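Notes follow the structure.
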Amino acid sequence: MNATLAMVQDAARRVRQAREVLTESRSTEAVIKALASAAQSWLPPSSPWRAQAVEQAPSVTGFSPAMVNEAIDRAFGAITVESLGALLDRELGDRLVLDEFRPHGRVRARAFGVPLITHLLAGNVPPPGIHSILCGLLVRSGNLVRMSQRDTVFPRLFVESLRAVDPDMAACVSVLEWPREDAALTQVALAKADTVIAHGDDSTMAALRRMMPGTATFIGYGQKVSFGYVCREAMTAEQLPALAAAAAEDVSVYDQQGCLSPHVIYVEERGALSPRKFGAALGEAMAAFHTRIPRGTLSVEEAAGVNLIRSGYEFRAASDRRIAVWASQQPNDWAVIYDDDPSFTPSCLNRVVFVKPTDGMPRVLENIQRFATRISTVGVAPLSERMTDFTNRLAKLGIHRVCPIGQMQRPPLWWYHDGKPNLSALVRWTELG
């Protein structure tokens, strides 16, 4: 049910009040334990939260039931007492600054979560929305959450699972739904906030910035893409099967809908095996992943987009040795497209990935330069000392994360999404001394 103006105003008031109670009644360690307990309650096969998500999410998100199960394992398996504590300690220096004045540089200081955070979720993949709510609760803020119509399941069920563990903490979150086109409701939600965390496409980010009140902090996460890079020393018969399986996982998880999903994998030439061999091995690995975790249902528009790309390259491959295609027998399940053209080619998503040969890192840097500000993550195999100059140059281009291939879809809970701190904009400091 879509929220009304009165519902948004009432929700903002209620979570602010609940936050005041929580600030006085819960220590940081208690908050950490409650959040971790709620997350861990999703993991058993018999979990009622898992069962509800598997039943409800496919029709909303488009993911298959198997992909929903995988998403649960990844999203909630990463939320532990240790990872939540590490996130706080890394960003605030000492998690206890949320409880009392602590040594902080040359003074003592205490941090307080802002009264109200408005979260505007995108819904293309579950983890960012769950992470956003987690951060707000870690600092004991009130949280007004607008779910995306693409995912009305995970945020709502997560808050319900938290309510089963700690009702007072769950009261600090209100999860609502309204169309992003409803500017009037969005304007009210923004006006109530001390901090706004927004996920969406670039046009949405621009529109929200124009609507922001002057007193609030805006944290926006827009459109991003990712790519992979395979070094020639990884291209051996012994390493190729595991490498291809790792790359297939990075491509296929969340059906390539997230910012961390690679669109292109560059493979260095002059290895023991050719880049084309990598394409063939990746095709086999994509087929194996699909057998284990099928792709979700495509919309008519998505299916047409995949078919257009696939059929076009298959037609070219029939007469052009520089092109090759490995694809599923069933239409549109997955496709690996080998293309000698070294330019960065954005995918149409839904498990369609390009493999491109390269004569080295300088050529790749040249080809990604115009996309650099939109690149989130680069997966590398192997992430060795030889890659030091490459990673430094990626950092200078503004790319925020480099990791091993196979880990692109498994960022740690404390990672700097788009290079931004997770908690610093959510707290206000008081110094003593």
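Between the helical axis of 183-192 and the longest alpha-carbon principal axis of the chain there is an angle of about 50 degrees.
The slack in the chain from Gln223 to Ala237, taken as 0.36 nm per residue of separation less the alpha-carbon distance, amounts to 1.4 nm. Averaging 1/r over each pair of different alpha-carbon atoms in segment 328-375 and inverting the result gives 12.1 Å, the Kirkwood hydrodynamic radius. Kirkwood analysis of the Cα pair distances in segment 57-99 returns a hydrodynamic radius of 12.4 Å.
Between the helical axis of 48-61 and the dominant principal axis of the chain, each derived from Cα atoms, what acute angle in degrees is found, rounded to the nearest 10? Approximately 60 degrees, to the nearest ten.
Residues Cys172, Cys403, Cys259, ranked from the fewest to the most other C-beta atoms within 10 Å, line up as Cys403, Cys259, Cys172. Amide H contacts for Gln223 (H built 1.01 Å from N in the peptide plane; partners 5 or more residues away or on another chain; cut-off under 5 Å): Asp202. For Lys33, a cut-off of 30 angstrom between C-alpha atoms picks up these lysines, skipping any fewer than 8 places away in its own chain: Lys192, Lys420.
For segment 5-223, what class follows from the C-alpha gyration tensor (a ≥ b ≥ c being the square roots of its eigenvalues): rounded when a/c is under 1.5, otherwise prolate if a/b is larger than b/c, else oblate? Oblate shape, in that a/c is at least 1.5 and b/c is the bigger or equal ratio. Pair-distance distribution P(r) for segment 348-433, from all Cα-Cα distances in 5 Å bins starting at 0: 2, 11, 18, 22, 19, 10, 6, 4, 4, 2, 1, 1 percent. Within segment 225-404, the proportion of Cα pairs with more than 19 Å between them is 54 percent. Packing, as the average of other Cβ atoms within 10 Å across residues, places the peptides 193-200, 426-433 in the order 193-200, 426-433, highest first. Beta bridges per DSSP, both residues in the chain: antiparallel share near 25 percent. Normalised by 2.2 N^0.38 Å, with N the number of residues, the alpha-carbon radius of gyration of segment 1-128 equals 1.29. Divide the volume of the convex hull around the Cα atoms of the chain by the residue count and you get 150 Å³ per residue. By the count of other C-beta atoms within 10 Å, a proxy for reagent exposure, Lys33, Lys356, Lys420 are ordered fewest to most as Lys420, Lys33, Lys356. For segment 392-408, 3J(HN,Hα) computed residue by residue from phi via the Karplus equation (6.51, -1.76, 1.60; θ = phi - 60°) reads 4, 6, 4, 4, 5, 7, x, 7, 9, 8, 10, 8, x, 4, x, 10, 4 Hz, glycine and proline entered as x. Antiparallel as a % of all DSSP beta bridges within segment 225-404, to the nearest 5? The antiparallel proportion sits near 20 percent.
Close amide-amide hydrogen proximity is noted between Val427 and Val114, each under 5 Å apart and 5 or more residues distant or on a separate chain (H modeled in the peptide plane; Pro and chain starts excluded). Each listed q (0.30, 0.32, 0.35 Å⁻¹) maps to a log10 I(q)/I(0) for segment 385-427, found by the Debye formula over equal Cα scatterers with no solvent: -1.11, -1.14, -1.17. Over the chain, DSSP H runs of length four or greater, each weighted -39,500 (n - 2.57), average out per residue to a 222 nm ellipticity of -13500 deg cm²/dmol. Diagonalising the gyration tensor over the Cα atoms of segment 188-309 and scaling each eigenvalue by 5 before taking the square root yields semi-axes of 39, 18, 12 Å, largest first. Relative to the longest principal axis of the C-alpha atoms of the chain, give the angle of the C-alpha long axis of helix 275-292, reported between 0 and 90° and rounded to the nearest 10°. So the inclination is approximately 50 degrees.
The numbers here are math on the coordinates, done by the rules we state, and not lab data. Treat the numbers as computed from the prediction; the structure is a model and nothing was measured. Backbone-built Cβ (ideal geometry, glycine too); neighbour counts: all protein chains shown.
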